[in-house]
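What follows is a single structure, written as structure tokens, with notes after it.
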Amino acid sequence: MTRTPSPTPSEVELLTSKGFMQRPKLRDLPKYLHRKYIVNWIIAIALIAITVVSFALHDQIVDWLKPFGDKVKALPAGWLIPVAFLIVLSFPPLFGHEFVAIICGVVWGLGPGFGIVALGTLLGEIANYFVFRFLCSARGEKLEKTNLKYGLLSYVVRREGFFRILMIRLSAIPPHFTTIIFGTVKMNFFIFLAAAILSLPRQFATVYLGVLAAEDKDKETKGQKIATIIVIVGTILMTILSMRYVNHKIDVAKPDFVYARRKERQAGVQAGDVERAGHAPASSVDVLLTPQPKPARLSDEVRMYSGSGVPQYSAPTYYVSPSGPPPRRH
């Protein structure tokens with residue numbers, strides 16, 4: 001019987017951090033400058049550039065899109081075009097939901113625009129759910145073992161009720177990411193559908209921004225200004241409160257999640273010991289003083305996290321045959 005392996009350095013860092021989406025630390029900056037993060041940097045820079053240009057050329061963009069939007073609106077069932085765009089953009093790593101929602105607000109107005117965005121978002125999330133549930137579940141199981149963040153959120157999703165699932169949908173965690181997890185852990189479809197429908201009001205604020213962009217700011221009434229403030233502040237407040245709730249539940253689940261990973265590694269070590277013992281030849285030395293090899297995927301830096309907060313290397317394990325020690329040499 002081997003003892004439970006110690007937490008790895010990554011697991012120790014997870015246990016000592018707060019929440020799910022931690023702010024990057026300055027000392028970790030060199031790690032993110034590695035070439036494998038080049039694509040991430042390109043995407044981040046492109047998103048920032050698009051955001052800056054959108055704010056700087058806001059009026060020009062609206063004036064340019066309005067004629068195109070009016071032509072689409074005039075088509076028979078033209079509203080299906082943004083719905084199709086929203087469905088396609090629901091699949092990662094694609095993005096642009098917010099941009100389409102703003103266009104819907106500019107062209108169709110608040111009521112019809114929100115209806116179009118809600119329908120496209122819901123159909124896209126449903127398609128995303130079924131694709132990852134039936135085609136990518138094996139990949140999801142692998143990620144649960146190799147990606148701590150993915151595994152932690154999957155662990156929480158499997159053990160939480162409907163209200164907490166809804167809070168995850170309303171939080172700052174990207175909806176496409178949560179839908180992938182809901183699908184790969186094979187969450188009940190109707191629970192997922194109810195949470196997806198109840199989280200649709202998040203799209204209202206984006207459509208409303210499009211409505212405001214199409215209106216003349218000089219003709220904006222006091223009531224409209226108050227409504228704008230209420231919508232924006234309400235959306236931000238809802239996101240912050242739900243994220244705080246989700247972070248609390250994730251922090252509570254972290255010790256059990258890490259302990260479950262440690263027990264899984266222990267089971268792997270014991271299975272390896274049994275296999276090696278069963279295949280040992282009768283003439284072999286009875287006492288094997290060589291430290292046993294570690295199981296697959298077990299980090300070379302497995303450490304023991306002591307109560308003092310200082311990581312220490314754990315001692316190697318040895319296999320001792322029940323037949324006794326070898327004869328002493330004279």
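Values in this text are rule-based calculations from the coordinates and carry no lab data. All values derive from a computational prediction rather than experimental measurement. Don't worry about glycine lacking a Cβ; one is built from the backbone with ideal geometry, like all the others, and counts go over all protein chains shown.
Table for the structure above
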read-out	value
Subset of K18/K142; K145/K263; K149/K249; K66/K225 violating a 19 Å alpha-carbon distance limit	K18/K142; K66/K225
Within the stretch 29-263: Cβ-based charge dipole about Cα centre, in debye rounded to nearest 20 (Lys, Arg +1; Asp, Glu -1)	1300
In order through the stretch 122-138: 3J(HN,Hα) via Karplus (6.51 cos²θ - 1.76 cosθ + 1.60), integer Hz, x for Gly, Pro	5, 5, x, 5, 5, 4, 4, 4, 5, 4, 6, 6, 9, 10, 10, 5, 5
Full-extension gain in nm, A227 to S17, via 0.36 nm per residue minus C-alpha separation	71.8 nm
Alpha carbon centroid spacing (whole Å) that separates the stretch 75-90 from the stretch 163-186	24
Alpha carbon convex hull of the stretch 29-263, projected area averaged over orientations, nm²	15.4
Burial ordering of Y259, Y150, Y129, fewest other beta-carbon atoms within 10 Å first	Y259, Y150, Y129
Cβ-Cβ FRET estimate between K66 and R35, R0 fixed at 56 Å, reported to 0.05	0.85
Contour minus Cα-Cα distance for E141 and F190 (0.36 nm per residue)	15.4 nm
Rounded to whole Hz, the Karplus (6.51, -1.76, 1.60) HN-Hα couplings of the stretch 198-207, x for glycine and proline	6, 8, 4, x, 4, 6, 4, 4, 5, 5
